[in-house]
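Notes to accompany the following structure.
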Amino acid sequence: QLYSVRSEQSWGIGDLADLRDIAWLAARRCAADFVLINPLHAAEPVSPLTPSPYLPSTRRFVNPIYLRVEDIPETGYLPAAERTLVEWQAEVARPLSADPGPIDRDVVWAAKRVALEVVYAAPRTPARQLAFETFRAEQGQGLEDFAAWCAITEHLAQSEGEDPAPM
């Protein structure tokens with residue numbers, strides 16, 4: 001279960017960088033040809049997040065909670081103020097990686113969501129912008145519909161007094 005494989009650099013939940021490291025170690029040390037993991041499908045965009053990866057909101061898109069924010073190229077080019085915002089979010093979530101208790105997906109997602117919004121607002125290189133636009137075009141209406149559903153879900157959570165990204 002990828003979510004339970006947490007490293008010192010994880011934000012309280014195992015992520016794709018942890019998976020990369022595990023796969024490399026499994027291939028290198030054990031001659032593994034593949035690694036099986038739990039589903040990585042997208043969950044609901046607001047708290048409380050469903051703890052099971054087998055109950056996604058969609059099977060078409062990947063859950064952004066599994067991203068390692070620092071691995072997104074734009075993160076490395078953030079101005080100091082924005083970089084500090086991302087680092088503050090990491091400081092909230094990283095200690096959870098050493099917590100032996102249940103994984104607190106809500107805290108992790110709240111921190112990653114803020115950080116991802118900061119990174120998303122950063123300028124992209126022309127090549128990265130083209131890749132982003134190509135992805136949007138390839139995914140088409142399905143992506144637009146899922147994004148609209150997420151926005152409506154967040155709006156309804158806010159109007160009901162819930163904080164979609166508690167700090």
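Looking only at the range 7-34, residues that are in a loop (DSSP other than H, G, I, E, B), open to solvent by 80 Å² or more (accessible area, probe 1.4 Å) and hydrophobic (A, V, I, L, M, F, W, C) come to 1 in all. The condition of being aliphatic (A, V, I, L, M) and more than 11 Å from the chain's Cα centre (by Cα) holds for only one of Ala23, Ala43, that being Ala23. Annotation: of all residues in the range 108-163 being of a type in the set (Val, Ile, Thr) and open to solvent by less than 50 Å² (accessible area, probe 1.4 Å), the one that is nearest to Thr50 (Cα to Cα) is Val108.
Picking from residues in the range 35-55 that are modelled with pLDDT under 90 and closer than 29 Å to Leu25 by Cα, the one that is surrounded by the fewest Cβ atoms within 10 Å (Cβ to Cβ) is Tyr54. In summary, Gly142 fulfils each of the numbered conditions (1) without any contact (Cβ under 8 Å) to a residue 12 or more places away in the chain; (2) over 18 Å from the mean Cα position of the chain (by Cα); (3) over 18 Å from Tyr3 (Cα atoms) with the single exception of condition (1).
Would you check which residues across the range 1-14 are in contact (Cβ under 8 Å) with a residue 60 or more places away in the chain and under 13 Å from the mean Cα position of the chain (by Cα) and list them? Scanning the range 1-14 gives Leu2, Tyr3, Ser10, Trp11, Gly12, Ile13.
Conditions (1) in contact with a Ser or Thr (Cβ under 6 Å, 6 or more places away or on another chain); (2) of a type outside the set (A, V, I, L, M, F, W, C), marked per residue:
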| site | (1), (2) |
| --- | --- |
| Ser10 | yes, yes |
| Ala42 | yes, no |
| Ser57 | no, yes |
| Phe61 | no, no |
| Tyr66 | no, yes |
| Val92 | no, no |
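Among residues of the range 15-27 that are at negative phi, those with a Cβ under 6 angstrom from a residue that is in a helix (DSSP H, G or I), sequence gap 6+ or separate chain, pair up as Asp15/Tyr66; Leu16/Tyr66; Ala17/Asp71; Leu19/Leu2. Candidates are the residues of the range 69-103 that are touching a residue at least 12 places away in the same chain (Cβ under 8 Å), open to solvent by less than 60 Å² (accessible area, probe 1.4 Å) and outside any helix (DSSP H, G or I); the one that is farthest from Tyr3 (Cα to Cα) is Leu78.
The values are calculated or read from the model by the stated rules, or taken from the named source; none is laboratory data. Not measured: the values here are computed from a predicted model. Virtual Cβ from ideal backbone geometry, glycine too; neighbours counted across all protein chains shown. Note: accessible area is taken over every heavy atom of the protein model, side chains too, but ligands, DNA and RNA are not part of it. Shrake-Rupley method; radii C 1.70, N 1.55, O 1.52, S 1.80 Å.
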